[in-house]
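The values are calculated or read from the model by the stated rules, or taken from the named source; none is laboratory data. Bear in mind that the values here come from a model prediction, so they are computed numbers and not experimental data. With ideal geometry, Cβ positions are generated from the backbone for all residues, glycine too; neighbour counts draw on all protein chains shown. For accessibility, only protein heavy atoms count, side chains too; no ligands or nucleic acids. Shrake-Rupley method; radii C 1.70, N 1.55, O 1.52, S 1.80 Å.
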Amino acid sequence: MSLKKLNKTQKAAVEAIDGPVLIFAGAGSGKTRVLTHKMYYLINEGHYKSDQILAVTFTNKAAKEMKSRVMEMLGEKELDISIGTFHSICARLLRNEIQPLGYTRHFAIYDVQDQIDLMKIVLDDMNVPKEMLTPNAARNQISFFKNKMLTPAAQARKARTKLDKLVVDVYAAYQAKLKENDALDFDDLLLKPLELFDRKPEILEKYQQQWKYILVDEYQDTNRPQYQFLTLLAENSGQISVVGDDDQSIYGWRGADVSNILDFEKFFPSCRIFTLEKNYRSTQQILDAATTVVGNNVRRADKQLVAASGKGESIAIIETVDELEEADAIVSALEKEIKLKKRTFAHFAILYRTNAQSRALEDSLRRMGIPYNIVGGIRFYNRKEVKDVVAYLRLVMNLKDTVSLRRVVNFPARGIGIKTIDKCVIQAEKDDIELFDVLKEPTKMQIRGKQSEALGKFYEVIKKYHDLRNKLSTSELARSLVEEAGILKYFKHSTDPEDAERYENVAELLHSIDEYTTRTENATLNQFLEEVSLLSDIDHWNDDDNRVTLMTIHSSKGLEFPVVFVAGLDDGLFPLYNSLNTDDGIEEERRLFYVALTRAEKRVYLLYATNRRRMGAENASGMVSRFVREIPEEYLERLNFSSALTRKVVGGAARKATRTKLSRTVTTFDDFRVGDTVEHAIFGSGKIMALSGTGENQRVGVVFKDGVKKKLIVKYANLKKVSA
């Protein structure tokens, strides 16, 4: 094994081992190859023993892969190199050294759920009402403080409001409770080594002597504690190499600081800098467009990426009327790529800024029977808050649905616990009536006070909408029920940052019901619930891994696909509105756009909508993202698309608002029979093996060529009957 496979800059970066080294590795430029070869070079050339090297990565998967590759290069079956994530490296260190801080070597490590459970105890002990501070919101706020290395005492000096002071008190109580439990949370794993080094300089010196050479991957994603940990270990020797790309620093919202890589030279003035600019992933058109956009950021290191694969195709841009047409346009383009370029489903990724955007995309893919995977997220209809609202709707339609009743009787939280439900179950069995019916008389079960009031009100709301189920339209019933149950209010006024997205997901569900009633004649709530159930369970008999990938752009970092669709490129959605308030915010969004484009190897499709439903409100007129406008026209190919949905934008009251009226043009179709041979635009010819329903409501099970089995809704599948 030698360094012959490396290009000139990669080789120079690998061989630079005297003093600090900063390696700017542009997207697709082979940073993993450089890191693994550098570890190999340090050991194979006898510069350092393997146990003198510390290599830090950001995922356990990356650490295992790197170690495996280095062992293969060295021809070794085992290697005692210290390689792992910051958290795993620090945990190992603390197991040996933590006693001076008052913990035992057997300390517990609390994950997120453990932290929330402990926080519940803290808040209960302090009599803090959930309306003021939820356990998850408190945990998130304290994690933010820890990422900024702010102690309770330091934060107390900044506290101004009553809530600020309460959070500080909760922070101090939480830390005391952790210590009482001989436990650390994830953030403490990074902070406690620094505290240890400060109290016991001899421990710092011990590890400075042990780890004589340090390598760091994804350095642009380090936060302040991680930066401090590395610089303390390397401050005497200066034997450190960091690899990263400031243009791919996209985790500022969770504490990462792009200044760590941009200012590396300030802390290590003698560092040598290498810039990897040969790209082995994307075409030149993609790289030039992405680089031009991110070049508008003020704080960045200049780099000009050169594609090894040549110029390539232009970047396609498609304007659509709304998110439904956007999803249709993606499916149409995907179909053409498969036909013309002989691609498979696994060649495609659909990227979006927020998880809620996946709903329209998932619906369109399902209707066409296209298999897909959600990466780094949950399928829209499987998200807890969505399932909670669906459970409300199921219960309204069927008062005997005790599973749905149990799911939502205490959502939003109304103080109804398991013991209360157990009393209700016992009473229902005793009186031989339905569980729901016992809720109207809680005092009969010795349930008093707030619990009694909560049960009574819950019963009244569900019974009210059960009685209205055939009088209100499906959309009216769903929206009114969600409003009266207090679900949107609960998420809207929550201090938990994640509840903002949950609010958006519930609003998106209501929007999906609106769409369903628009496209389905005489739509009923039962029909919608049936379709959701069917669509959530699709493709069980096709377990092939050949699937389209759907994910947020944050989840896509480090991955690559031949064809990438970037959906939702409307200003205010990408970049997000709340990022426009600061220069740092807009620059991080621009880096995120750069990451999205550079996931593509061959082709990029950019899509935006001129009208898009947001947060459940009327359709808002929008314009294309400023990032798309920053791409020079020479790199773009504008494509026209018109879906089967005909839309008319009509004026609202006094023309102050706009809304979109939708009507679907249903193409001619046959009433199919089992045994018919049919043709599908993507899957080709196949035979119908099962069907249910008639006309446009038919659902068919088809076995296509190569044995691919699909369940399809005739109304959307555009199947054509052909001669056998």
**Complete:** Whole-Hz Karplus couplings 3J(HN,Hα) for the range 679-690, θ = phi - 60° and coefficients 6.51, -1.76, 1.60, Gly and Pro as x, run 10, 10, 4, 9, 8, x, 8, x, 10, 6, 10, 7
**Asked** What is the Cα radius of gyration of the chain over 2.2 N^0.38 Å, N being its residue count?
**Response** 1.07
**Request:** Arrange the residues 47, 554, 106 by how much accessible surface each exposes, largest first, with a 1.4 angstrom probe.
**Result:** 106, 47, 554
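From the cross-link list 64/557; 303/557; 61/303; 38/64, which pairs have alpha carbons spaced over 24 Å apart? Working shown, then result.
Details: 64/557 18 Å; 303/557 19 Å; 61/303 29 Å; 38/64 16 Å.
In this structure, 61/303 exceed 24 Å between Cα atoms.
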**Sparsely packed trypsin sites (Lys or Arg not before Pro) within the range 266-367, loop by DSSP, other Cβ within 10 Å at most 13** = 299, 311, 342
**Asked** Summing -39500 (n - 2.57) over the DSSP H runs of n ≥ 4 in the chain and dividing by its residue number, what mean residue ellipticity at 222 nm do you reach, to the nearest 500 deg cm²/dmol?
**Response** -13500 deg cm²/dmol
**Request:** Just tell me which lysines come within less than 17 Å, Cα to Cα, of residue 457; anything on the same chain fewer than 8 places away is out.
**Result:** 440, 444, 489
**Request:** For the chain, give the share of DSSP beta bridges that are antiparallel, in percent and rounded to the nearest 5; count only bridges with both residues there.
**Result:** 35 percent
**Request:** Using the Karplus curve 6.51 cos²θ - 1.76 cosθ + 1.60 with θ = phi - 60°, work out ³J(HN,Hα) for each residue of the range 428-435 in order, rounded to whole Hz, and write x for Gly and Pro.
**Result:** 5, 5, 5, 8, 6, 10, 5, 4
**Request:** Could you pull out every one of the aspartates and glutamates with an alpha carbon less than 17 Å from that of residue 177, ignoring same-chain neighbours closer than 8 positions?
**Result:** 111, 114, 117, 124, 125, 169, 185, 187, 188
**Prompt:** If you plug each phi of the range 101-113 into the Karplus form 6.51 cos²θ - 1.76 cosθ + 1.60 with θ = phi - 60°, what whole-Hz ³J(HN,Hα) values come out, in order, with x for Gly and Pro?
**Reply:** 8, x, 10, 8, 5, 9, 3, 7, 10, 8, 7, 4, 5
**Request:** May I ask you to list the trypsin sites (Lys or Arg not before Pro) in the range 142-250 that are in a DSSP loop and have at most 12 other Cβ atoms within 10 Å of their Cβ?
**Result:** 157, 158, 160
**Asked** For the range 1-148, which whole-number percentage of the solvent-accessible area (1.4 Å probe, protein heavy atoms only) is attributable to carbon and sulfur atoms?
**Response** 49 percent
**Longest site-free stretch - the chain; sites: GluC sites (Glu not before Pro), DSSP loop, at most 10 other Cβ within 10 Å** = 79-520
**Prompt:** What dipole magnitude, in Debye to the nearest 20, does the chain give about its Cα centre under +1 on Lys/Arg Cβ and -1 on Asp/Glu Cβ?
**Reply:** 620 debye
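So what is the accessible area of the chain per residue, in Å², with the probe set to 1.4 Å?
45 Å²
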**Asked** Using a probe of 1.4 angstrom, how much of the accessible area of the range 437-499 is carbon and sulfur, in percent?
**Response** 47 percent
**Prompt:** Over the chain, what relative contact order in percent results from Cα pairs under 8 Å that are six or more residues apart?
**Reply:** 15 percent
**Asked** So how far apart, in nm, are the two label points at residue 559 and residue 468 if each is 7 Å from Cα heading toward Cβ?
**Response** 4.2 nm
**Asked** Within the set 419/464; 5/342; 339/705; 31/77, which residue pairs have Cα atoms separated by over 20 Å?
**Response** 419/464; 5/342; 31/77
**Request:** For the range 350-504, just say rounded, prolate or oblate: build the C-alpha gyration tensor, square-root its eigenvalues into a ≥ b ≥ c, call rounded for a/c under 1.5, and beyond that prolate if a/b exceeds b/c, oblate if not.
**Result:** prolate
**Request:** Find how many whole Å separate the alpha carbon centroid of the range 410-471 from the alpha carbon centroid of the range 129-198.
**Result:** 39 Å
**Asked** If the cut-off is 18 Å between C-alpha atoms, which lysines fall inside it for residue 200, apart from same-chain ones fewer than 8 positions away?
**Response** 192
**Request:** Multiply the residue gap between residue 440 and residue 280 by 0.36 nm, knock off their C-alpha separation, and tell me the result in nm, one decimal place.
**Result:** 50.9 nm
**Request:** Rank these residues by their accessible area, most exposed first, probe 1.4 Å: 705, 64.
**Result:** 64, 705
**Asked** How many nm separate the modelled label positions at residue 124 and residue 210, each set 7 Å beyond the Cα in the direction of the Cβ?
**Response** 3.9 nm
